[in-house]
Amino acid sequence: MSLQEELQQKIRLLEKENKRLRKKLERSERNRVLLEESNERHKAMLRTINMELKATNEKLKQVDEMKTNFLSMVSHELRTPLTSILGFTQIIKKRFEQIILPNTDLSDKKSQKAAWQIRQNLEVIIKESRRLSELINDVLDIAKIESGRMEWKEEDTDIKAVFERAIAATEALLQEKGLYLRREYGDDSFIIRGDPDRLIQVVTNLLSNAIKFTDSGGIVCRISKEGDVIRCEVEDTGCGIPEDMLEKVFEKFKQVGDTLTERPKGTGLGLPICREIIKHHRGRIWAKSELGKGSRFIFELPAATMVAKKTIKRDILHRIQEHIRENEGGKILIVDDDPFIRGMVRQFLEDKGYTIEEAEDAKEAIGKTRSSKPDLIILDIMMPGLSGYDVLRVLKNDELTSDIPVLVLSVLENKQKALMLGASEYITKPFDEKDLYERIQKILSHHGQKERIMIIDRDISLMRQLSQFMRSKGYEVIECKPEPEEVKNGLKSAPERVFVDIEAIQILLQNSSLVEALSSTKMVFICKVPEKRDSG
Amino acid sequence: MLYVGVGHSDDVDSRDAIRDVLSQCRTSLKDTSPQAGLIFMAIDYDHELILKEINQEYPDIELIGCTTDGEVSSSQEFMEDSIVLMLFGSDDIEIKAGVGRSVSKDPSAAAREAVEVAKRKCTKQVRLCIATPESLTASCVSILEGLNNALGSGVTVVGGSAGDQWRFQKSYQFYKTEVLNDSLPILLFSGNIIFSVGISSGWRPVGKRSVVTKVSGNVVYEIDNRPALEFYHYYFGGKMMPSGEYPLAVFEEDTERFYLRAPLGYDETEGSVTFAGDIPLNATVQITEADRDSILKGVEESIEMAIRTYRGRRYDAAVVFSCAARRALLGTRAAEEYKFLKKNIPGNVPICGFYTYGEIGPLLSNSVSQFHNETFVTLLLGSG
């Protein structure tokens with residue numbers, strides 16, 4: 001190949017390469033323009049979509065508001081007639097039991113059967129009306145949570161107290177079924193940030209489910225802390241849940257069992273509400289079960305990490321108030337020869353948080369009063385054998401029982417005689433439930449005035465708030481700084497309960513004579529959660 | 001056994017380019033002589049000369065193909081302004097070409113014609129059809145409908161329609177030594193062929209849903225009783241015109257399943273938009289969008305589906321058809337589609353493919369093939 005040929009070939013190759021590069025340049029310029037245009041379109045489109053979303057969002061908000069308004073209107077409309085149905089059915093039942101039944105000749109088999117059926121039917125109406133009203137409440141609750149309209153409290157909450165409150169609320173059901181209840185948690189507090197009322201709702205729901213589905217055995221409540229997580233469990237020895245239902249029970253209106261053949265036992269919203277509440281507290285809830293052996297509902301919540309001093313104060317005050325309220329419900333002995341009346345009063349008062357004992361005649365009444373020292377006795381006058389007056393005479397003449405207030409509940413209009421014999425109140429049958437409750441409260445709070453309490457705390461302002469509250473409740477309050485001499489002086493006036501700051505007790509425990517004096521009193525500890533820095 | 005050779009070049013000189021391509025094919029085919037081939041070329045080459053060169057090397061080869069919007073191969077990966085050729089040889093698989101003409105006049109007749117021409121040469125049961133139809137003169141939906149009818153059930157149609165580098169003016173199809181337009185070249189595979197197909201896009205519907213209220217084939221005149229162009233103007237903020245990267249999601253009746261229809265052009269005076277496929281009257285439509293990651297995710301899904309449904313022991317070749325709009329949106333990341341492809345197909349499998357104006361394939365294996373936009377179609381080939 002000559003030099004010229006070689007040169008020409010080189011030139012040809014260079015020209016080709018030049019052409020190729022030009023083409024590539026052209027192409028990449030075209031692609032760039034294409035991409036730029038595309039980006040422009042994309043940006044414009046995003047703007048439009050954004051606008052659309054905003055409009056949709058606005059519309060959804062309106063729809064949501066309409067839904068909420070509609071729901072609260074409907075529930076109000078439903079509640080009004082329901083209140084009448086429930087109220088009048090209760091009145092019918094009461095009249096039936098108090099007036100019709102005593103005057104019916106029950107020796108006739110037909111009448112006996114009819115009476116029994118009427119009572120059963122009335123029970124069903126009452127039970128179903130209550131269920132319906134629960135359902136309305138649950139629907140409202142879930143609608144509120146889902147729409148973000150639920151107002152949540154945010155305070156330091158002791159899960160143990162939450163369990164105790166829930167246990168108290170379900171105790172009657174538990175006793176009715178004869179189940180045991182075991183607490184597997186120590187004396188430590190398990191503090192989380194959250195809404196105590198809603199958490200009580202969760203535990204109450206789990207407990208009443210456990211009771212509902214358990215016929216023998218009992219229930220175990222567990223609380224434990226693993227790292228930053230507080231784990232709670234409610235375990236029962238009931239019928240269990242099939243594996244494929246373990247997740248579904250947390251879905252709305254899903255209940256275990258065949259809803260066609262079995263009567264639903266709840267609203268089908270309890271567990272979904274529980275899940276929403278736990279979710280709100282940044283926790284999780286799930287179930288484990290073995291068919292025929294029992295179920296276990298477990299929820300985990302993050303332990304509180306940061307607590308502001310101010311909220312401690314508010315929370316302590318709140319918790320002490322709760323403690324006192326809890327102790328307001330006392331033990332009441334109902335003395336009546338009519339089992340219906342006893343049952344009715346029991347039901348009514350148990351709903352109000354009182355513990356009830358029953359006696360069917362004078363002899364049993366005197367025996368039970370001596371053995372279990374009730375806070376109040378509700379006494380019938382006309383009983384076979386010894387009358388209510390006789391009971392009153394015996395009790396008021398006995399030093400051990402003379403200070404127990406007695407409320408006479410009788411068909412007889414002889415108020416003067418009863419009061420002269422030492423009765424505190426006199427109510428004639430048929431009575432008004434509200435009236436009965438108010439008088440019981442009056443007697444018990446009057447009675448409670450005698451209680452003297454002592455508060456020991458370094459935090460003077462907290463102590464002031466607390467004692468103010470207690471005084472308003474009719475207690476006599478002794479305030480004490482955590483100094484041995486002051487405490488010793490205070491103890492001389494023999495307070496029945498001592499509220500002591502957990503930090504203060506540590507100082508006092510160094511004094512051995514104080515330890516002895518304090519250990520003989522009923523102590524309630526005020527626990528302040530130590531302040532920690534937020535790790536986040 | 002399926003023997004496969006691939007060549008790929010972006011030499012600007014047509015003769016040099018095809019000679020380079022043929023020499024690559026010879027090397028990978030060794031001594032076997034191919035019976036058929038697929039050729040995908042950029043719009044600016046001397047197509048007649050190139051086809052003549054191939055025919056000189058392999059007389060009477062059953063060759064089809066088309067112009068494109070970019071090419072890919074296992075030889076040179078992703079390139080623009082290039083030629084890619086894949087040649088097939090086999091003892092137990094028959095591969096025959098056919099062509100139908102004047103698709104714009106009568107798509108069904110053209111499809112019948114193409115199938116008849118190819119089928120006459122087949123002695124075995126036809127299993128697969130690769131098609132590279134015209135995209136700009138006729139509705140590919142009608143062409144495919146004709147093809148499905150002419151082939152009967154039991155034959156899967158896969159392919160892509162011809163492109164012209166996003167100019168939307170004129171595209172070409174190739175049949176043996178002929179450079180055509182308004183035509184439908186096909187390649188029928190019969191005998192011991194094993195294959196699988198995967199399809200995925202990466203586009204998702206956004207914004208409000210609307211209803212097509214006036215349409216004729218693939219020309220939409222009104223959406224929600226307003227000019228179709230307004231629908232696009234609304235999203236693009238008034239000035240910009242519809243573009244291939246913003247297809248409509250067309251929902252199948254009362255379901256959340258949709259197929260995509262990309263706009264090819266528009267008419268400002270009548271406010272209509274022409275799409276790369278027919279849209280039924282009263283269809284619910286929604287504008288769609290994609291980002292680069294979701295487009296690339298589509299490649300993975302497409303390959304994954306093809307691999308999952310493949311029944312053979314080994315892959316002898318992979319042919320891919322990717323939408324030109326994907327390339328346009330991917331911009332400088334267009335080359336990544338091939339990289340995803342290479343990464344996800346195991347072994348040293350010969351690959352060829354091109355950027356199309358519309359893709360063809362079944363949404364589920366064994367279902368009837370449909371016409372798509374914005375998708376990535378993977379075809380895996382082998383012998384039993």
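Neighbouring Cβ atoms within 10 Å as the yardstick, rank B:314, B:326 fewest first.
B:314, B:326
Mind checking A:46-57 for the average number of partner chain beta-carbons within 10 Å of each residue's beta-carbon?
Partner-chain Cβ atoms within 10 Å, mean over residues of A:46-57: 3.
Please find the FRET efficiency linking residue A:55 to residue A:19, where r is the Cβ-Cβ separation and R0 is fixed at 45 Å, and quote it to the nearest 0.05.
0.25
Per 0.36 nm of contour for each residue apart, how much would the distance between residue B:92 and residue B:108 grow if the chain were fully extended, relative to their Cα-Cα spacing?
Value of the extension gain: 2.7 nm.
Rounded, prolate or oblate, given the Cα gyration tensor of the stretch B:22-135, with a/c below 1.5 counting as rounded?
oblate
Can you compute the modelled spin-label distance between residue B:15 and residue A:340, with each label point 7 Å from Cα toward Cβ, in nm?
With each label placed 7 Å out from Cα toward Cβ, I get 12.0 nm.
Any idea how far the Cα center of the stretch A:336-355 sits from the one of the stretch A:131-155, in Å?
Using only Cα atoms to place each centre, the spacing works out to 31 Å.
With label points built 7 Å along Cα→Cβ from the Cα atoms of residue A:291 and residue A:253, find their separation and express it in nm.
2.6
Compute the length gained on full extension between residue A:28 and residue A:224: take 0.36 nm times their separation in residues and subtract their Cα-Cα distance, giving the result in nm to one decimal.
Gain on stretching residue A:28 to residue A:224: 64.0 nm.
Using the Kirkwood formula on the Cα atoms of chain A, what hydrodynamic radius do you get, in angstrom to one decimal?
29.2
Charges at C-beta only: +1 for Lys and Arg, -1 for Asp and Glu. How large is the resulting dipole of the stretch B:204-289 about its Cα centre, in Debye rounded to 20?
That gives a dipole near 180 debye.
Out of all Cα-Cα pairs in the protein assembly as shown, roughly what percent, to the nearest whole number, are more than 38 Å apart?
Of all Cα-Cα pairs in the protein assembly as shown, 64 percent lie more than 38 Å apart.
Tell me the label-point distance for the pair residue A:105, residue A:502, using the 7 Å Cα-to-Cβ offset, in nm and rounded to one decimal.
7.0
Using just the helices of chain B, give the 222 nm mean residue ellipticity in deg cm²/dmol: DSSP H runs with n ≥ 4 each add -39,500 (n - 2.57), and the total is spread over all residues, rounded to 500.
Value at 222 nm, helices only, nearest 500: -8000 deg cm²/dmol.
Given a Förster distance of 35 angstrom, what is the FRET efficiency for residue A:479 paired with residue A:280, based on the Cβ-Cβ distance and rounded to 0.05?
0.35
Work out how far the C-alpha atoms of the stretch A:1-127 reach from end to end along every principal axis, then list the three figures in whole Å, largest first.
Its Cα atoms span 140, 34, 14 Å along the three principal axes.
List B:49, A:514 from most exposed to least, where exposure is judged by having the fewest other Cβ atoms within 10 Å.
B:49, A:514
Taking θ as phi - 60°, what are the ³J(HN,Hα) couplings along the stretch B:50-62 by the Karplus curve (6.51, -1.76, 1.60), each to the nearest whole Hz, with x for Gly and Pro?
5, 4, 4, 4, 5, 5, 5, 6, 10, x, 6, 5, 7
Once Lys and Arg get +1 and Asp and Glu get -1 on their Cβ, which of B:206, B:275, B:262 lies farthest toward the positive end of the dipole of the stretch B:204-289?
B:206
Computed from the mean reciprocal separation of all distinct C-alpha pairs, what Kirkwood hydrodynamic radius does chain B have, in Å?
20.6
If I take R0 = 22 Å and measure r between the Cβ atoms of residue A:523 and residue A:372 in this structure, what FRET efficiency does the formula 1/(1 + (r/R0)^6) give, to the nearest 0.05?
0.35
When the distances between all Cα atoms of the stretch B:1-78 are binned every 5 Å from zero, what whole-number percent does each bin get?
Pair shares across the bins are 3, 15, 28, 31, 17, 6, 1, 0.
In whole Å, what are the Cα extents of the stretch B:204-289 along the three principal axes, biggest one first?
Sorted largest first, the three principal extents are 34, 25, 21 Å.
Give me the distance between the Cα centres of the stretch A:14-30 and the stretch B:174-212, rounded to whole Å.
Comparing the Cα centres of the stretch A:14-30 and the stretch B:174-212, I get a distance of 31 Å.
We did not get these values from a lab; they are worked out from the coordinates using the rules stated. Bear in mind that the values here come from a model prediction, so they are computed numbers and not experimental data. Cβ atoms come from the backbone with ideal geometry, glycine included; neighbour counts cover every protein chain shown.
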